[in-house]
Amino acid sequence: MDKVVILFKGGVETQEYFSIEMSKTFQKHGYEIYWFDLVLSGLSAKQLCDFYKADKSKKFMAFTFNFNGIAGEDGLYDESFEGGSFWNETKIPVYNMVVDHPLYYHKYLPLRPENYMQISIDKNHIRYMKRFFHGVQLAPDDGFLVLGGTELNEKRDILSDKFLPVDKRDIDVIFTGNYTPVNSFDRFIAHLDSDYQEFYRGLVRKLIENPEMIVEDAAEEELKNQGIQFTDDELKQIMPNLMFVDLSVRFYFRAEVIARLADSGIKVHTFGAGWDMLECRHPENIITAGNVSSQECLDMISRSKISVNVMPWFKQGAHDRVFNSMLNGAVCVTDTSGYLKDNFIDGENIIFYNLENIDAAADKIKRLLTNHDELEHIAENAYKICAENHKWEMRTNKVIEWMNLTV
């Protein structure tokens, strides 16, 4: 093979799982896969250098998530390299898919390779980058690409049909994802004076009351309301402190949704760490499995009638939970985003609820659980649209298209 794509393992488990899914499509397109082990960064870097030097005539690319491998790792960043890093010396194009808000990664952007392309999963993140980091190169099409989903039974080697029918699914309602109590995030602002702490806590309250707003817009509006004048550069400097706000709001609503469902009498099976810490009136209705792998989450979704999603504040994007649910036969019940509303139809291939009226979500779920024909109809429609448009195969094809454009 004369084409090599460098992928990364050993970091966040879900991102490694995404990379493994993408590797299958890269291989179909004739790419050799080189796996860089982040756990053994120094050794892996030496092996990568040797591999590259052995045949520089090959067309090398790198694809990563959330700055893995381009964040100053031992062996890849060293003054012995021309330009200070392996990436700068070799000029290998690096595509980085940022699957969280960019405000989490300010400190890594100065370390980005010279031949760098950023991919964003939310159009608001693109707007943020253009405003505060306009010197950062985005992939073609502004680098917009939402996460993909994985179909367990794609080869029909588990079941002869694409997924289990509703009547044979033994889990009524599932949620896959971790839970962290909101007060755990106080550490992000503990170093600030009390007035500043109150400012950020006020932003949390503002977003809870106005869940259609995004974090950076809420901060800017609040500063203006207080009569504070600022430049874009000054606003940019406070953005990393909004990690506290983003995480607090994200987990506040995650807790609210699961607690309201449980308190309404719905049994919710949670797969992810921390759910034993959730306080609600009827904790007996939350069946916790603890921390599990991505593969185990998919296994459990494939046994579930309804998969609940709470968007992690991607107001113009989507989460892989949505697509994973649909590709494995579970009806996705989720709050909305601009992207989801543009690509799905409420009641036809998805069920939407409003964060301002979470109790209505419980009512919808109870009704759906008594109507298996409707569940089957929605699941079939959702599967069809996702199988054609929202697998990691389609996302990888787009990345390869961009790679071919930018070489």
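Nothing in this text is a laboratory measurement; each read-out follows from the coordinates by a stated rule. As the structure is a computational prediction, the values presented were derived from the model and not from experiment. So basically every Cβ, Gly included, is an ideal-geometry build from the backbone, and we count neighbours across all protein chains shown.
Can you put H29, H191 in order, fewest other beta carbons within 10 Å first? Present the calculation step by step, with values, prior to reporting the outcome.
Details: H29 13, H191 9.
Ranking H29, H191 by Cβ neighbours within 10 Å, fewest first, gives H191, H29.
Select from K267, K24, K155 the residue whose mean-square fluctuation is largest in a Gaussian network model of the chain (Cα-Cα springs shorter than 10 Å).
K155
Give the percent of DSSP beta bridges with both residues in the chain that are antiparallel, rounded to the nearest 5. Mind dumping the intermediate values first?
On the way: 2 of 44 bridges.
The answer is about 5 percent antiparallel.
Have a look at P240, P312, P110 and tell me which one the Gaussian network model of the chain (Cα, springs below 10 Å) gives the largest fluctuation.
Comparing P240, P312, P110 in the GNM, the peak value goes to P110.
What is the set of long-range amide H partners of D172 at a cut-off below 5 Å, with H atoms built 1.01 Å from backbone N?
For D172, whose amide H was placed from the backbone, the distant partners under 5 Å are K305.
Scanning the chain for helices, which whole DSSP H stretches are 18 Å or more long along the axis (Cα) and average 0.0 or more by Kyte-Doolittle? Before the final figure, lay out the partial values.
Working: long enough: 13-28 (23 Å, -1.10); 41-54 (19 Å, -0.11); 194-209 (22 Å, -0.73); 243-263 (29 Å, 0.68); 372-389 (25 Å, -0.86); 392-406 (21 Å, -0.62).
Flagged H segments are 243-263.
May I ask for log10 I(q)/I(0) of the range 275-340 at q = 0.29 Å⁻¹, from a Debye sum over the Cα atoms as equal point scatterers with solvent left out?
Normalising to I(0) and taking log10 leaves -1.19.
Quick one: length gained pulling D142 to S194 fully straight, 0.36 nm per residue minus the C-alpha distance? Intermediate results must be reported in sequence, preceding the final value.
Working: separation 52, 0.36 × 52 = 18.72 nm, distance 3.93 nm.
Extra length from D142 to S194 when fully extended: 14.8 nm.
Quick one: Debye curve from the C-alpha atoms of the range 1-134, no solvent, what's log10 I(q)/I(0) at q = 0.12, 0.14, 0.20, 0.22 Å⁻¹?
Result of the Debye calculation: -0.46, -0.63, -1.27, -1.48.
I'd like the Karplus ³J(HN,Hα) series for the range 163-168: coefficients 6.51, -1.76, 1.60, θ = phi - 60°, whole numbers in Hz, and an x wherever there's a Gly or Pro.
Rounded to whole hertz, the list is 7, 4, x, 3, 4, 9.
Can you give the extra length, in nm with one decimal, that the chain gains between K366 and K91 once fully stretched, where that is 0.36 nm per residue apart less the Cα-Cα distance? Write down the numbers at each step before the final one.
Details: separation 275, 0.36 × 275 = 99.00 nm, distance 5.57 nm.
Here the answer is 93.4 nm.
Estimate the FRET efficiency between E374 and A289 by the formula 1/(1 + (r/R0)^6), using the beta-carbon distance for r and 25 Å for R0, to the nearest 0.05. If you can, show how the numbers build up before the last one.
Values: r = 27 Å, r/R0 = 1.10.
That gives a FRET efficiency of 0.35.
What 222 nm value per residue comes from the helices of the chain, counting each DSSP H run with n ≥ 4 as -39,500 (n - 2.57) and dividing by all residues, nearest 500 deg cm²/dmol?
Numbers: 14 runs with 167 residues, N = 407.
Dividing the helical sum by the residues of the chain leaves -12500 deg cm²/dmol.
Any idea what the relative contact order of the chain is, in percent, if you count C-alpha pairs under 8 Å spaced at least 6 apart?
On the way: 675 pairs, mean separation 67.2, N = 407.
Rounded, it is 17 percent for the chain.
First measure r as the distance between the Cβ atoms of K130 and D55, then evaluate 1/(1 + (r/R0)^6) with R0 = 56 Å and state the FRET efficiency to the nearest 0.05.
Numbers: r = 38 Å, r/R0 = 0.68.
After rounding to 0.05, the efficiency reads 0.90.
How big is the charge dipole of the range 31-161 about its Cα centre, in debye rounded to the nearest 20, if each Lys and Arg gets +1 on its Cβ and each Asp and Glu gets -1 on its Cβ? Don't skip to the end; give the middle numbers.
Values: 14 positive and 19 negative charges, 91 e Å.
In total the dipole reaches around 440 debye.
What ranking do V39, V333 get, fewest neighbouring Cβ atoms within 10 angstrom at the top?
On the way: V39 9, V333 25.
Placing the least packed residue first, the sequence is V39, V333.
To make sure I understand, if each residue's beta carbon is the centre and we count other beta carbons within 10 Å, what order do W35, W402 fall in, fewest to most? Could the numbers behind the result be given before it?
On the way: W35 15, W402 19.
Listed from fewest to most nearby Cβ atoms, that is W35, W402.
Output the relative contact order of the range 68-209, whole-number percent, from Cα pairs under 8 angstrom with separation of 6+ residues.
Working: 111 pairs, mean separation 20.5, N = 142.
Reported as a whole number, the value is 14 percent.
Can you pull the Kirkwood radius for the range 217-325, inverse mean 1/r over Cα pairs, to one decimal in Å?
Values: mean 1/r = 0.0606 Å⁻¹.
Its Kirkwood hydrodynamic radius stands at 16.5 Å.
When the Karplus curve 6.51 cos²θ - 1.76 cosθ + 1.60 is applied with θ = phi - 60°, which whole-Hz ³J(HN,Hα) does each residue of the range 92-99 get, with x for Gly and Pro?
Coupling constants for the range 92-99: 5, x, 10, 9, 10, 8, 8, 9 Hz.
Please compute the contact order of the range 203-253 in relative form: average sequence separation of alpha-carbon pairs under 8 Å and at least six residues apart, divided by the residue count, as a percent. Don't skip to the end; give the middle numbers.
Numbers: 23 pairs, mean separation 24.4, N = 51.
About 48 percent, as a whole number.
From the alpha carbon gyration tensor of the range 1-42, can you work out the equivalent ellipsoid semi-axes (sqrt of 5 times each eigenvalue) and give them in Å, largest to smallest? Don't skip to the end; give the middle numbers.
Working: eigenvalues 76, 34, 3 Å².
Equivalent ellipsoid of the range 1-42: 20, 13, 4 Å, largest first.
Which percentage, to the nearest 5, of the DSSP beta bridges contained in the range 71-153 is antiparallel? Numbers along the way, then the final one.
Details: 1 of 9 bridges.
Of the beta bridges lying entirely in the range 71-153, close to 10 percent run antiparallel.
Based on the Cβ-Cβ distance from E401 to E348, what FRET efficiency comes out when R0 is 22 Å, to the nearest 0.05? Don't jump to the answer; show the numbers that get you there.
On the way: r = 30 Å, r/R0 = 1.35.
So, using R0 = 22 Å, E works out to roughly 0.15.
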